[in-house]
Structures are given as C-alpha cells and as structure tokens.
Amino acid sequence: MPEKHSRSVLIADDEPLARERIGRLVDALPGYHVCGQAADGEDVLTKIAELNPDLLLLDIRMPGMDGMEAAERIAQLDTPPALIFCTAYDHYAIQAFEVHAVAYLLKPVRKEALADALNRADRVNRLQMQSLSQRDEAGDEQLAVKTHRGTELIDLSAITHCEADHKYVTIHHSRGETVTDFTLKELENTYPQHLLRIHRQTLVGTRYIQGLIRNRDGQHAVDLTNGKGQLPVSRRHTAQVKQWLEEQSS
C-alpha cells in the first residue's frame, strides 16, 4: 500500500525490464509510488487519462507514437503530470525542455539522480497548482517562497529579474531581494507570461522590459523601465528576446 500522501508515478518504457528496474527505484524512495506502466506513446496517453498520475517517467525511443510526440500531446493538457525523460540518448535534451520536461535522465538511471529529479518535479507541480489557485483567487498572481523568516509572498508583477548563483536563485523585486531554492527553469516554465529567459543565469520580468540595446562592445542588453538599469542578454537568447519584443508590438 502506498503512503497516504505519496506522489503517484507513471512509468513509460517499451522494455519491460527497464520499467521494472525504474519501478523498484521509485518504490524505494519515500513519498512516491508507481501507479502504473505504459509501453508506448498511445498507452501513455490512455494511462494518464485513467490514472491521473502526479509524475511521468517517459522513455523517448518507443514504437508507434514515441515519447517526444506523446510529450507534445501531454503538454497541451490542462493539468499535465510533471515530466521526466529517462532515455539512453543524450541528443534529445533541447527538445525535452521545449515540451517543459523538468529533468532529463540518462540510462542506466541512478537512484540519487532519480530522487533529485522527482523532488524538482514535485516542486514544479506545486508551483503550477499554486499558480492556478492564485489565478482563480486573485487578480494579481503571487509566488510563495519559503525563507528563514517563513513563507514570503511576492507579487509576480513586482519581480524585475531572477539571477541564479550556484545552488540558489535570487529574486529581485520591488521590496528588495529574496533567495529561493526554486530553479530558473522551474520559474520559467511555470510563469512564462511573467518571466523571460535572457541568459543562462537570468530571467527578466516581462513588464519591466523597455527594449533591447546593443552596447559599444557589441553585446546586447535588456533596458529596464524606470531607470532600473540594464541586464546582459546572451547570444543564445538574443533572438528569443527580439521575437518577444516583436510579438508585443504586433
């Protein structure tokens, strides 16, 4: 019997032995239990509808509808399970995050890596539920961050930017700074309307973007409103920022 408040995990892999091995790893972790298994993409969609799992461990190379196509379909659901890819191939990683995967694990999956990925996925799910409930209850969404002082509520509209530094992310907002253990990827995936990626280590609050400028050294930067300064934009993310600005002006 699963623990009363444990999180349900659906395992999708076309190899029975792989499903069994990952299932044993999940069941050995406190707070999680395997609620079902699927052998291909179509089976995954059916099992999600039947079982409503909290988390999904998904292989990519499967017969028929593969894991990536299934993930694209799952991402369109109103309340999708948090998605973790488990695959033997490392070249799907960029595609994985385009369908909002929380983690990308390479086989053979290690227990420690799985535990970390499930924990991060669980936090994303709580963020998503928090976002939905706040959207229903209030006109302005808030982010709840646990600090040494207790839980701090931050208006998303007050966040100018978020910076990653080693293990933690610092959220800069109208009332100061707050440190959180949420990752930039978690915040970016949960609040895409409020936070835009401009650098591997930086998200910017969309309402504070005044424009994109190019400095004398050829580097791009986001110019913030109300004289709040500038934030560097990496070459990798420049096109994304330009596209976002074009969408706002169209």
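Please treat every number below as a calculation from the coordinates, not as lab data. This is a predicted model, so every value here is computed, not measured. No Cβ is skipped: glycine too gets one built from the backbone with ideal geometry, and neighbour counts run over all protein chains shown.
The alpha carbon convex hull volume per residue for segment 36-82 rounds to 62 Å³.
In a simple Cβ point-charge model (Lys, Arg +1; Asp, Glu -1; nothing else charged), the chain has a dipole of about 900 debye relative to its Cα centre. Sorted on the mean count of surrounding Cβ atoms within 10 Å across their residues, most packed first, peptides 154-165, 208-219 read 154-165, 208-219.
Taking Lys and Arg as +1 and Asp and Glu as -1, the other residues whose beta-carbon sits under 10 Å from that of LEU231 total -1.
Along the axis of the charge dipole computed for the chain (Cβ charges of +1 for Lys and Arg, -1 for Asp and Glu, origin at the Cα centre), the listed residues LEU106, CYS35, THR170 are led at the positive end by THR170. Here the gap between ASP217 and VAL179, fully extended at 0.36 nm per residue and compared with their Cα-Cα distance, gives a gain of 10.5 nm.
Less than 12 Å Cβ to Cβ from HIS199, Lys/Arg counted +1 and Asp/Glu -1: what total charge do the surrounding residues give? Let's see the in-between values first.
Values: positive: ARG197, ARG200, ARG235, ARG236; negative: GLU163, GLU188.
Summing Lys and Arg as +1 and Asp and Glu as -1 gives +2.
Extension gain, HIS33 to GLU246, is 72.1 nm, computed as 0.36 nm per intervening residue step minus the present C-alpha separation. Extent of segment 7-131 along its three principal axes (Cα atoms, max minus min coordinate, largest first): 36, 31, 29 Å. Rg and Dmax of segment 194-247, based on Cα coordinates, read 10.1, 29 Å.
In plain terms, the chain from ARG73 to LYS228 could stretch by 51.8 nm, reckoned as 0.36 nm per residue minus the Cα-Cα distance.
Computed over the chain, the P(r) curve from all C-alpha pair distances, binned at 5 Å from the origin, holds 1, 6, 12, 16, 16, 15, 12, 10, 6, 3, 1, 0, 0 percent per bin. Rounded to two decimal places and with Rh computed the Kirkwood way over Cα pairs, what is Rg over Rh for segment 143-243? Over the Cα atoms of segment 143-243, Rg/Rh equals 0.97.
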